[in-house]
Each structure stands twice: as C-alpha cells, then as structure tokens.
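Novice: Mind looking over this structure? Questions follow.
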Amino acid sequence: MEGHRVQKKTKKGPDNPKKKGLWIGIGAAAVVVVGAYVGLCAWVGSSPTILKGVTVGGVPVGGMTQEQAKSTLEQSMEQSQALTVPLEYGTWSGSIQGSAMRLDGEACAKQAWQAGRSNFILQGGAYLSSLLGADRDVDLVLDWSEDGQKQLDTLLDEADELAGGGITQAAYVIEGDQLKITKGVTGVAIDREKSREQVKQALEDELAEQMRGESVQPETVTLTAHEESPQEPDFQVMYQELHTEPVDATVDPETYQATDSVVGVDFDVEQAKAAYESAAEGETVSIPLTLTQPKETKESLQAKLFRDLLGSGTTNVSGSSNRKHNVKLSAQACNGVVLMPGEVFSYNNTTGSRTAAKGYLSAPVYSGGASVDEVGGGICQTSSTIYYAVLHTTLEVVERKAHMYNTGYVDEGMDATVYYGQTDFRFKNNTNYPVKIVTRSYDQGGRRKLTVEIYGTNETGYYAVPKSTTYDQVNPTTQYKADSSIPRGTTKVDSKQNPYTGISASTYRYIYDKNGNLVEKQQMTSSTYKMRPKTILYNPADGDPSTWVNGVPPQPQTETPATQPETPAETTEETPAETQAEQPAAASSSQVA
C-alpha cells in the first residue's frame, strides 16, 4: 500500500508575528518609563533645593537651598530666644531663657535637604509625592549654648541650697594631733541628670512652638528630686592632701631671711577607714596623727643668722686725702655683702673696675716697682683688711697674693694685693649658714681707721688666731739719683720712693675650740717682700757721688766768699711716710696701692 505525507497545520500562539510586535512595543515603553524615572531620581539627587513640603520643627523650608534654610532657621531662632521657661523646686522658683540653647542651623538645613533622599530609587517618588502635597517634618538640632548649661547648674545649685533636703557631705579637719572626720548625712537633692533632660526638653518644645509662630504660655518645669547619699571620702586623696614630710626652714637667697618650716604629718589610712565605716551618719571620729617637728624652725634659724662675730680686723689708713677716699669707697662696695653656704667672695667682682666714673681718685700706685699716681690708689688696703679679718675665722681662703713691698698696715704675710683683671682676693663660705661682711671707715684719735667684721653662725665655737714668723730680712741700701731741680751742694731724700726692708714671712692660722684648746695649725701662705733702696736726689753738676768726700757734695764757688758758709751744707732727708706699697711681688705692670 502506498502512503503519502500529510502537511501539519500551523498553530496559533506567541510566535505569531502580530502578537510578537505588540510585546516588543510594551517592553520599549517600559524601558522609556523606567529610564525617565531613573533620570528623575538622578535629577532629584543633584538638585540643590529642599523638597516641597519639608519643615524643620514646623518651620517651612521647602524649595529653599541649604544656605537659605539655614538663614531662615537662625533668624527664627533669634526671634524666639527671648522666651522664658519657669522652674520650681519646693519653695524655690526660678526661670531660664531660650538663649540657653543653641541652634545648629547647618545641621538642620542638611537634614532638611536629605528628607526624601535617603534612597536613590525612592527619591523620585518622594519628589512626585511632594508635588502632590505630601509633608515631611525634621526635628530641630538644638543643644546647650556655651554658657547655657552653666546657667542651669547655677540655678540647680541655688535651688538645692535654698530648698534642698539637708544632704551633708563628709568633712575632715586637723585639730592639734587629731584628724577629725565627720560622716555625711543622707538627704533629698535635685536629680541633676533628669532635671537637665527636663529643662532641655521644655526649652526645645517652647522654641519649636515659638519658631512656628505659636504663642503659648510656657509650662512650669518642676525639677525632679531624689534621695541622695553623701559621697564616701576618698581616703587615698585625703592622705595625699594631709601627708607631709617635715621640712626645715632655710635662708631665702634674695632676702636672707628664714623661710617657714613645715611640720611632718602622717596617719594610718586603714585605721581612718575603719573608724569612718563604723560611725553613724553625722558622727565625728578622731584618728591620731603622727606629727614630726622639723630640726630647724623659722624662729630658731632666724635667731642664728649673723648672730656671731666670726672675725674682724682693723687697719690705720694713712696717705693723701685721695687715698683715704678710695679706701672708704671700696670698703662701702663690700659692706653688707652676704655669702650663702658654698659661695665665693671675689673682691674684684664686688667692687668692679676702679674708675673715675665710679668716683675713684688719683693716688699712689706701683708701676714697675716705682711709685706713681693712678686712679684707684689705696684700694688694696681694703682687700688686705678683709683678708686680715678672714684670717681670724675658719673660712677658706681661695686666692691671695702678697704685695711687692711690705705694706706696714698689717703684719707681714697678712696682706692681699689686687689688680682688676689680673689679681684677685677670694674666700669661700665653708659654713652651713650665710656670712656677712660689714665694713666701717671712721676717724678715731686723729687717725683714719678701717674695720672689717665678718658675721655668721659659729656652730662649734671654734675661733682662729693668725700669727706670722719673719726671716731673711734685707735692710734698704742707698742709691743716688741725679735731679737738676736739687740745688747744688745739697741732697734730698726721695719722699715718694720710700725705702722698704726686704723680708720673708710664713703665716699660720691657729684654730682653737671654745675651751681654748688648740685644734689645728694651718699654714696659710709664704710671702716674700722685696727690698727697695733709699733714694737720694742730687744735682748732676755736683759730680759722681762716689767721689764726694765723706759723702758730702762739693760746695759751689761764689763771687762773695764772705757769704759762703764755713761748713758744708746739710743734706735734706724727709722722714719716709708710712708705707703704702700694694703690688704683687711678681707683677711688673701698674698696681693700685
């Protein structure tokens, strides 16, 4: 049997060209709608203005930029800050103004712009709903102003003080050798945390109403109270405040007066805790203190300062009025100088350079072994007199040099020459207390005198006696010096270049205890003073003095022999003035005498 192919019928369905085109059109329209909505969302996200219908605390800001909204809110806040919220607590009443709060306009404006824009996909819908009249309100961002919380705390303190429930904190005091602690008492007080929240919320509500233009009488805020126990004392802090090590009085280096001493205070912390815990509220307990007295009080130290004359020295001041003036002036510069323990006295640093600008006058000094006039002559007598006084103490001598020639106003080996910038006299305060130099220049018995006294605190009662031994004495020789001003046939002793006996000396300081027993013998210095010859001036026309008969110059011939003396003219010699030499033996430059 032969078969045949049967053609299948075409089915109706999606593959139908007409229906397929319809679906394509719907999809395209959907794409357009979705694209338009996405574009709207993007535009809304980039728009600088706040959505319509947005308010901040009821203040309309829709359609504004953030800056415009910030300005509008701040102006509204400024107009509302005069409002007053009444407060009460028991019998106390008070009030606080809206100015105690501060508006963060920038934060408010930012939150207003973000209203409806929290989600990209939803912000297009939020925009469309705002066009249809939807409202959105944003809370005001308020906080205490710079002084607002301080104002409130002051009010709370006042309320607690006037109408509080008698809460008493623990207290302590030192009475004699007892630490007395009074336990606190429980009472009723303002709940600070809750009251701050109450007042802040009331201010925020009233400010929001005012900014919306609603004029409402503010309600009185009744502050919250609660029972409050007194704070437990911090015994470690108490110990740190009260515990003190004893401190001895000391000498103020500027005023040279005794400072206050401190009594040491200590107590047993655990004993104090136990006594406090066992006490009833309001009860006072006593804890014994350990008081340690300082070794040196202000009164005892003040009584010791400069009480003892450690040593003194007096010299006779001779020479010209200028020299006496210089000695007095340099002594005044040293008068009242105080050395703290360990400090070193420097004569040059104390007096400074001796110049005419400081009032020093011209007087004899040595230059190359010869006496000449120079500003400041004589000031070495002051340094020598101070050294002489120091030798009568147990103070340490740091620097001292002898003069070129023996001075005569102190014993050999007890002088001290100085030359500014080169030679100084220094001594150290090696005691435990300050020492003071006191100088006096005065006239007595027709003579000028200089006295130096050194005051301090003699703890041991030791005292010193200086002595010197001399040896190798060299008597002055005689030398002649031509001087045409001398009349012929006569001679004259040079009164300015006085002769000096050469001599060596060893100086010792003998230290005795308060009972007069020798404790120590100290060798202080070895000094060598040069000899200076006696100088006789003569007229060079009289020839060489070595050729004179019997040391007498020849008499000049005259036209009237009858008037000539029958005997040779007498030589004129001036009695040498009291020695004033003040030059170190090794120096060759000018030295102040």
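Novice: (1) part of a loop (DSSP other than H, G, I, E, B); (2) without any contact (Cβ under 8 Å) to a residue 60 or more places away in the chain: which one isn't true of Val398, the others all being true?
Specialist: All conditions pass for Val398, except number (1).
Novice: On to the next question. In the stretch 404-423, what residues are touching a Phe, Trp or Tyr at 6+ places or on another chain (Cβ under 6 Å) and either among the aromatic types (Phe, Trp, Tyr) or under 17 Å from Tyr347 (Cα atoms) (or both)?
Specialist: Hits for the stretch 404-423 are Tyr405, Met414, Ala416, Val418.
Novice: Let me ask something else. Identify the single condition in (1) surrounded by fewer than 17 Cβ atoms within 10 Å (Cβ to Cβ); (2) part of a helix (DSSP H, G or I); (3) not aliphatic (A, V, I, L, M) that Glu204 does not satisfy, given that it satisfies every other one.
Specialist: The number of the failed condition is (1).
Novice: So which residues in the stretch 209-225 are farther than 19 Å from Lys150 by Cβ and either surrounded by 19 or more Cβ atoms within 10 Å (Cβ to Cβ) or among the polar types (S, T, N, Q) (or both)?
Specialist: Gln210, Met211, Ser215, Gln217, Thr220, Thr222, Thr224, Ala225
Novice: Given Val59, Val38, Val54, Val44, which one is within 18 Å of Gly116 (Cα to Cα) and touching a strand residue (DSSP E or B) at 6+ places or on another chain (Cβ under 6 Å)?
Specialist: The match here is Val54.
Novice: Among the strands (runs of 3 or more DSSP E) contained in the stretch 114-194, which hold 1 or more residues that are within 30 Å of Ala69 (Cβ to Cβ) and over 60 Å from the mean Cα position of the chain (by Cα)?
Specialist: It comes to 136-138.
Novice: Could you give me the residue pairs with C-beta distances under 7 Å whose first residue belongs to the stretch 430-451 and is outside the structural domain of Thr350 (by TED's automatic domain parsing) and β-branched (Val, Ile, Thr), whose second residue is loosely packed, with under 14 Cβ neighbours inside 10 Å and part of a strand (DSSP E or B) wherever it lies, and which are 6+ apart or on separate chains?
Specialist: Listed pairs, sorted by first residue: none to list.
Novice: May I pose another question? Are there helices (runs of 4 or more DSSP H) fully within the stretch 270-385 with at least 3 residues that are under 30 Å from Glu254 (Cα atoms) and not polar (S, T, N, Q)? List them.
Specialist: The helices (runs of 4 or more DSSP H) meeting that bar are 298-304, 321-334.
Novice: Sticking with this one: What number goes with the only condition from (1) over 25 Å from Tyr508 (Cα atoms); (2) surrounded by 15 or more Cβ atoms within 10 Å (Cβ to Cβ); (3) touching a residue at least 60 places away in the same chain (Cβ under 8 Å) that Ser330 does not pass?
Specialist: Unmet for Ser330, out of (1) over 25 Å from Tyr508 (Cα atoms); (2) surrounded by 15 or more Cβ atoms within 10 Å (Cβ to Cβ); (3) touching a residue at least 60 places away in the same chain (Cβ under 8 Å): (3).
Novice: From the list Gly421, Gly408, which one is within 35 Å of the chain's Cα centre (by Cα), under 27 Å from Tyr360 (Cβ atoms), in a loop (DSSP other than H, G, I, E, B) and not basic (Lys, Arg)? Write out each step before concluding.
Specialist: Values: Gly408 fails: within 35 Å of the chain's Cα centre (by Cα).
Of the residues listed, the single one that is within 35 Å of the chain's Cα centre (by Cα), under 27 Å from Tyr360 (Cβ atoms), in a loop (DSSP other than H, G, I, E, B) and not basic (Lys, Arg) is Gly421.
The values are calculated or read from the model by the stated rules, or taken from the named source; none is laboratory data. Everything quoted here is computed from the prediction, not taken from an experiment. Heads up, the Cβs are rebuilt from the backbone with ideal geometry, glycines too, and the neighbour counts pull from every protein chain shown.
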